[in-house]
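A short write-up of the structure that comes next.
The values are calculated or read from the model by the stated rules, or taken from the named source; none is laboratory data. Keep in mind it's a predicted model, so treat the numbers as computed, not measured. Cβ coordinates were reconstructed from backbone atoms using ideal geometry, including for glycine residues, and neighbour counts include every protein chain displayed.
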Amino acid sequence: GIQVEQSPPDLILQEGANSTLRCNFSDSVNNLQWFHQNPWGQLINLFYIPSGTKQNGRLSATTVATERYSLLYISSSQTTDSGVYFCAVDPYNFNKFYFGSGTKLNVKP
Amino acid sequence: GAVVSQHPSWVICKSGTSVKIECRSLDFQATTMFWYRQFPKQSLMLMATSNEGSKATYEQGVEKDKFLINHASLTLSTLTVTSAHPEDSSFYICSARGPTVLNEKLFFGSGTQLSVL
């Protein structure tokens, strides 16, 4: 099956700093999404981005489908950005999403 | 928006008992819902795909008789953990594809922490 790898596994930032999270996948995908899981377990959909670039406030994402990676940018980080960021891919459009191992982000005040 | 509600948020039960978890799409119809399992500090693993009006599709290695899924309506799917044992303790999360204009996105319930004593 498809392999989804995220880096870095852990990231500690000072409030106000910027960061880039990476998601590599081993095969072509029809659907790629980024999620934020807060400390209470709730997953929030950040981006649907099988290709191209999108921005939403301080967050933006870019997927280069031909090179099989996606990047999530967080600018001017805030303590509320803390949590785990997952990318998930559906390679066959069969409603089966494969999740990466996540990047745990800790933003310190 | 697309709101998915999941109940209960946490449950503690004795070994050998059954536990039912509900997942509802509040403001849209979801013909397909998904159940995931997450162990501490690990990623999400798809357990099964729940289809309204038909049998669920289970992932390899997931016991159908232990994890019973029922999708009786377009807004409700339930997961019943039968004869629960301590190794079934985990965080269970449901999700659904969004409504028409958001159909490509996944929306998640808030999860259920199951602890089996």
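Scanning segment B:64-117 for residues that are among the hydroxyl-bearing types (S, T, Y), within 15 Å of B:A48 (Cβ to Cβ) and within 8 Å of chain A (Cβ to nearest Cβ) yields a single hit, B:S95.
Summed over segment B:11-57, the residues that are under 13 Å from the mean Cα position of the chain (by Cα) and more than 14 Å from A:N95 (Cβ to Cβ) give a count of 11.
For segment A:14-55, filtering for residues that are within 18 Å of A:T66 (Cα to Cα), surrounded by fewer than 19 Cβ atoms within 10 Å (Cβ to Cβ) and either polar (S, T, N, Q) or facing chain B (nearest Cβ under 10 Å) (or both) leaves 8.
Looking at segment B:6-64, which of the residues that are part of a loop (DSSP other than H, G, I, E, B) and of a type in the set (V, I, T) is farthest from B:S95 (Cα to Cα)? Across segment B:6-64, the extreme among qualifying residues is B:T17.
For segment B:107-114, the criterion of being in contact with a strand residue (DSSP E or B) (Cβ under 7 Å, 6 or more places away or on another chain), among the polar types (S, T, N, Q) and outside any loop (DSSP other than H, G, I, E, B) is met by at least one residue. So, B:G1, is that one within 13 Å of chain A (Cβ to nearest Cβ), surrounded by fewer than 16 Cβ atoms within 10 Å (Cβ to Cβ) and either touching an Asp or Glu at 6+ places or on another chain (Cβ under 7 Å) or without any contact (Cβ under 8 Å) to a residue 40 or more places away in the chain (or both) or not? Criteria met by B:G1. When each of B:F39, B:F28 is tested for being away from every other protein chain (no Cβ under 11 Å) and loosely packed, with under 13 Cβ neighbours inside 10 Å, the lone residue that passes is B:F39. In summary, no strands (runs of 3 or more DSSP E) completely within segment A:1-97 bear 1 or more residues that are of a type in the set (D, E) and without any contact (Cβ under 8 Å) to a residue 40 or more places away in the chain. Taken as a whole, the structure leaves A:S82 outside the set of residues that are in contact with a strand residue (DSSP E or B) (Cβ under 9 Å, 6 or more places away or on another chain), modelled with pLDDT of 95 or more, crowded, with 21+ Cβ neighbours inside 10 Å and more than 12 Å from chain B (Cβ to nearest Cβ).
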